[in-house]
Every structure is written in structure tokens, then in C-alpha cells.
1. Within the bounds of region 333-344, is there any residue that is open to solvent by less than 90 Å² (accessible area, probe 1.4 Å) and within 18 Å of Lys239 (Cβ to Cβ)?
2. Starting from residues that are basic (Lys, Arg) and not in a helix (DSSP H, G or I), keep the ones in region 90-140 and report whichever is nearest to Ser73 (Cα to Cα).
3. Which pairs turn up if I take residues in region 281-296 that are free of Cβ contacts under 8 Å to residues at least 60 places away in the same chain and look for partners that are buried (at least 16 other Cβ atoms within 10 Å of the Cβ) and part of a helix (DSSP H, G or I) with beta carbon separation below 6 Å, at least 6 apart in sequence or on another chain?
4. Residues in region 80-126 that are of a type in the set (Gly, Ala, Ser) and open to solvent by less than 30 Å² (accessible area, probe 1.4 Å): how many?
5. Name every residue in region 101-121 that is aromatic (Phe, Trp, Tyr), over 23 Å from Leu71 (Cα atoms) and in contact with a helix residue (DSSP H, G or I) (Cβ under 6 Å, 6 or more places away or on another chain), in order of residue number.
6. List every residue pair whose Cβ atoms sit under 7 Å apart, with the two residues 6 or more apart in sequence or on different chains, where the first one lies in region 101-118 and is more than 11 Å from Thr86 (Cα to Cα) and the second, anywhere, is assigned to a helix (DSSP H, G or I) and at pLDDT 90 or above.
7. Out of (1) open to solvent by less than 80 Å² (accessible area, probe 1.4 Å); (2) over 15 Å from Ala187 (Cβ atoms), what's the single condition that is false for Glu260?
Amino acid sequence: MAWRTNLASLIKAGVFLLGRWRWLPVSEYSSLPPVLNNVCSRRKSTAPEKIVAGVVCGTNGRKPEDAVDKLFSPEQQASVLHVLNTASDKELEAFRLLRGRKSVNIVEHRKKFGPFQNLESLTDVPLIQYKTAVQVCNSILCPENGRKKKSQEKWLLGKFIKPAVERERLKAVNSIVSIVFGTRRIAWAHLDRKLQVLDWQQAVCWKLTNRIYPSSVYLEEISSVISKMPQADLYILEKSGPSIQNTSLFPILLHFLITEAMLYALLNKTFAKDGQHRVLSMNRNVVGKHFDLMIGDTRTSGRELVKQFLSDSVLKEEPRVFFPHGRIVQYRQKVLKDSHHIEELYDSLLQAVAFYELAFGKGSEVQ
């Protein structure tokens, strides 16, 4: 029974301590007026300060009628009122929280009661309360469209390119080498930003068996392959491999991990003479989804798609991928003759095309 008593005492003490920490007063902003307690700036900026909606109360404990106006300077109030009184419902939809019915309600309220005389009158509009009114004023003073677009671009790039690469650096990319490796082969495709194939080949390196190859064999084989690769601005490695939960596939997983690690190290050592990291990873399934090659979670062969690219390069004036006329016959014969032994070759080309189209948009021009 003694341990139960001690446990109960500890729980009570813990609750007491948690309560004290939870209600510990913070005096950092205690000397500020109540209306400024919700405005805390982390750094100085010349842009209008973004106001966080809080409960502003007067001496009688009630919210004053001009609570929203007190959060903004006279110049800021005039700017917001000008927009509210002149913008159409479609123009208002460009601002945060004003899409749909709210923008229509503002225009209807303006027609019925006349122009807005102060910011507080915005709360008289249906569907707009105090907190929403403050956020609407903030969005009018500090439009977030540019920042959102930039963050969305970064998010989209980060979704399929690892590690992250800045948009400005991508704009300077003139060519890439896309690399895909399997249990026996390493293939690469060298494409410029106009999706013109500059080089496209593969090398047979090893045959994976039950025995484990020493590191020196991997180093020798991969170094030999890299010596044949052309120089480019970026090198894109396919990120793939079986699940580590399937223990029967552990030798294959180990092979992929060793190969990937050595490619990263040797490619950077060979080509990163300017000190910049040049090797990126691209998820295999991202490429499959881009070309609609997925059946559930399984990636299917891209052979037919590559054959279509080769045909279009001859038949169409503006094909999706440009192949050199001097090699197109050679490429077609290779696809037809060794169709089941060059999957890595197909994948290296598709990965390069998907990289350009996802990073730069259709036509591979930077948007």
C-alpha cells in the first residue's frame, strides 16, 4: 500500500507543478497597452505589420465599437477602405478569406448602406466577424500571392527533388544527366533544357548473386561507368528500392544502397569542381505518376512510351523529345531488339523528361 500512496502523492505533485507552469505569468509585454499586447514583431520591416486578431476590451470589459480601427494606422485604414469601397466582388476574391460569398456580401452591403466609413463596419457584413475582419484587412495591406506562389513552387520542387534546390539555380541549368541503375546495369540519358537527347546509353556492370561483392568491386565498376558520362549541370539519380521490411530482398536492397551512395560520392567528386552540390534524387513513382505508368503502387514498363517518343521525333514537327537524326535509327533498333533487357535505359530517358517538365513546366522553359 505504501507504493500506491507514494504514487498518488507524485501524481498530485505533478498536477500541481503542471498547473503552476501552465499559469505562470509572462511579464514581457505587461507594460504595453492592451491593444498592442497581440502585436509582437520578431524583426524590423518596412512592410505593413501584420496584425493578429485578439480580443480587445475597454475598461468596462466590453469590446469597443472601433476595435478593428484601433489596430491600424490612419493611412492603413484609408488604404483598406479604398479597396473595400471600390473593388468589385471578383477583385475582392483575390484577397485572403474573401472568396465566394463574402466578397459578394461586401458589394451588396456597400450598395445597400453606402460606402464603408470605418473598418469596424466590416463586421456588419454577413459571414464576417471580428477575427475575419482583421485578417481581411491584413491581406489587403500585405498581399500574400507572391509569397504563396514562391512557397508552393518550393513545395512542389521539394516533393520530387531531394535535396532541395533553389529556383534561381534551376534557371541556370542547361543540361542534366539522368541516371538509373538496376541489379546488372547503369543507364544514363543526357538531355538539354530543350529536351534534346545529347547522349543515351547504358553499361553492364555486375550480376547480382547470393554472394556479397566487396566494396572494391563496386568502386571499380562504378568509377568505370562515371568516366564515360558527360559533364552536365545536374545529375539526377532514381530513388528506388525494395522495402526493408521484406528480408528476402535484403541483398538487393543492400546493392541499391551501396550503388546509390557511391554514385553520390563519385559524381560529386568528379564533377563538382565549382564547390556546388550537383547530385539530386528523384522518386521512381513520381516519374511513373507523371507519365501515367502506375497500376496501384506498381510502376509498369515505359517501353511503349519511349517508342512513341522515337516515332514522334521523326513524324512530328514539334515532338516532345528531340533525338539526333544520326542516331535515331540506332536507338529504334536497340529498343526493338533488346526490348526486355534495357528497362533502365527507358527509365533514364523518362526520368530526364519528367524532371524538366515538372521543374520547368511543359516545353521545359522556366516559368
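1. The initial filter retains those residues of region 333-344 that are open to solvent by less than 90 Å² (accessible area, probe 1.4 Å), namely 334-335, 338-339, 342-344.
Imposing the further condition that a residue be within 18 Å of Lys239 (Cβ to Cβ) reduces the set to 343-344.
Yes, that holds for at least one residue.
2. The first filter runs over region 90-140 and keeps only residues basic (Lys, Arg), leaving 90, 96, 99, 101-102, 110-112, 131.
Cutting the leftovers down to not in a helix (DSSP H, G or I) gives us 96, 99.
Details: Arg96: 21, Arg99: 26 Å.
Here the answer is Arg96.
3. Met294/Gly288
4. As a first pass, look at region 80-126 and keep what is of a type in the set (Gly, Ala, Ser): 87-88, 94, 100, 103, 114, 121.
Subsequent filtering for residues that are open to solvent by less than 30 Å² (accessible area, probe 1.4 Å) retains 87, 103, 114, 121.
Counting residues in region 80-126 that are of a type in the set (Gly, Ala, Ser) and open to solvent by less than 30 Å² (accessible area, probe 1.4 Å) gives 4.
5. Narrowing region 101-121 to residues aromatic (Phe, Trp, Tyr): 113, 116.
In the following step, the residues that additionally are over 23 Å from Leu71 (Cα atoms) were identified as 113.
Passing the criteria: none in range.
6. Partner pairs satisfying both residue conditions: His109/Asp124.
7. Only one criterion is unmet by Glu260, namely (2).
Matching residues to (1) modelled with pLDDT of 85 or more; (2) among the hydroxyl-bearing types (Ser, Thr, Tyr); (3) crowded, with 19+ Cβ neighbours inside 10 Å; (4) assigned to a strand (DSSP E or B):
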site	(1), (2), (3), (4)
Glu153	no, no, no, no
Lys159	no, no, no, no
Ile176	yes, no, yes, yes
Leu191	yes, no, yes, yes
Trp200	yes, no, yes, yes
Ala203	yes, no, no, yes
Trp206	no, no, no, no
Asn210	no, no, no, no
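The values are calculated or read from the model by the stated rules, or taken from the named source; none is laboratory data. Because the structure is a prediction, the values reported are computed rather than measured. All Cβ positions, glycine included, derive from the backbone under ideal geometry; neighbour counts span all protein chains shown. To get the accessible areas, we keep the full protein, side chains included, count just its heavy atoms, and leave off ligands, DNA and RNA. Shrake-Rupley method; radii C 1.70, N 1.55, O 1.52, S 1.80 Å.
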